[in-house]
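Asks: My questions all concern the structure below.
FYI, it's all coordinate maths here, none of it is from the lab. Computed from a predicted structure; not experimentally measured. Cβ placement follows ideal geometry from the backbone for every residue including glycine, while neighbour counts extend to all protein chains displayed.
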Amino acid sequence: MSAPLIASARHGPRIAPRHAGRPWTWVLDIDGESWLLRPIDPADAEALREGFRQLSPEEIRQRFLHPLTELTHEHALQLASIDPRREFALVLAHPGPPGASRIGAVARVAIDPRSGEGEFAVIVGRPLSGRGIGTFLVRRLIEWCRRKRLPAIFGLSLDDNAPMLAIASRLGFSRSSLIGEPGIVLLRLQLQPAGVHPSRREG
């Protein structure tokens, strides 16, 4: 399993979401400011790089699980260019066209080819942390996995990432240690009864 990005948003003031008339798109009123939650676009690559530059070394450790000094253009473009058959990603951005708006949070999930489960990753920027956004985003990823009839959704977290562990606990994820990976916790939520495999994928 690859090491995903992990969120650090804590439960906080109520987010007031409003549907924006397009699939998987919401307008979120956060502390009186409007943000657009929408599917990621390849044009968002440079905004992802700019968001990475705003992270502190500790935030990078918490979210990437290993040291990383730069998000290259190639890596950012790869993150922003998804295969809709097996991947899903949302960005929380200022209103405006992709490529011209600042991104404050990213949520993504990809179907693991071995298990058929969804591996999720969420990152919430410091200015938006503490407002319940991480929980809201993980719920959207769970919805996508349920639509795809995936058996489960899982993610990895550092064992000292209290905000992410709190989100997982709030949403009913189980928690277990990884053999040979000290300090890493596997978070997993069963979506289908054990032994039941999806027979049909829905977009």
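Asks: Would you mind checking which residues have amide H under 5 Å from R102's amide H? H placed 1.01 Å from N; only 5 or more apart, or other chain.
Replies: H94
Asks: For the ranges 139-145, 29-35, 48-54, what's the packing order if you count other beta-carbon atoms within 10 Å of each residue, average per peptide, and put the highest first? Write down the numbers at each step before the final one.
Replies: Numbers: 139-145: 18.6, 29-35: 13.9, 48-54: 16.4.
Per-residue mean Cβ counts within 10 Å order the peptides as 139-145, 48-54, 29-35.
Asks: Okay, next question. Across the stretch 168-173, in residue order, what do the Karplus-derived ³J(HN,Hα) couplings come to in whole Hz, using 6.51 cos²θ - 1.76 cosθ + 1.60 with θ = phi - 60° and x for Gly and Pro?
Replies: 4, 5, 4, 9, x, 6
Asks: Moving on to the next point. Quick one: 3J(HN,Hα) in Hz for the stretch 150-155, Karplus 6.51/-1.76/1.60 with θ = phi - 60°, rounded, Gly and Pro as x.
Replies: My calculation for the stretch 150-155 gives 6, x, 6, 10, 9, x Hz in order.
Asks: With r defined as the distance between the Cβ atoms of R170 and T72 and R0 fixed at 45 Å, what FRET efficiency is calculated, to the nearest 0.05? Walk me through the numbers before you get to the answer.
Replies: Numbers: r = 34 Å, r/R0 = 0.76.
That pair, R170 with T72, gives E of 0.85.
Asks: May I ask for log10 I(q)/I(0) of the stretch 103-203 at q = 0.09, 0.15, 0.18 Å⁻¹, from a Debye sum over the Cα atoms as equal point scatterers with solvent left out?
Replies: With no solvent term, the Cα-only Debye profile gives -0.22, -0.62, -0.87.
Asks: Moving on. Grab the other residues whose beta carbon is less than 11 angstrom from that of Q54, score K and R as +1, D and E as -1, and report the net. Working shown, then result.
Replies: Values: positive: R49, R53, R102, R126; negative: E50, E59.
For residues surrounding Q54, the net value is +2.
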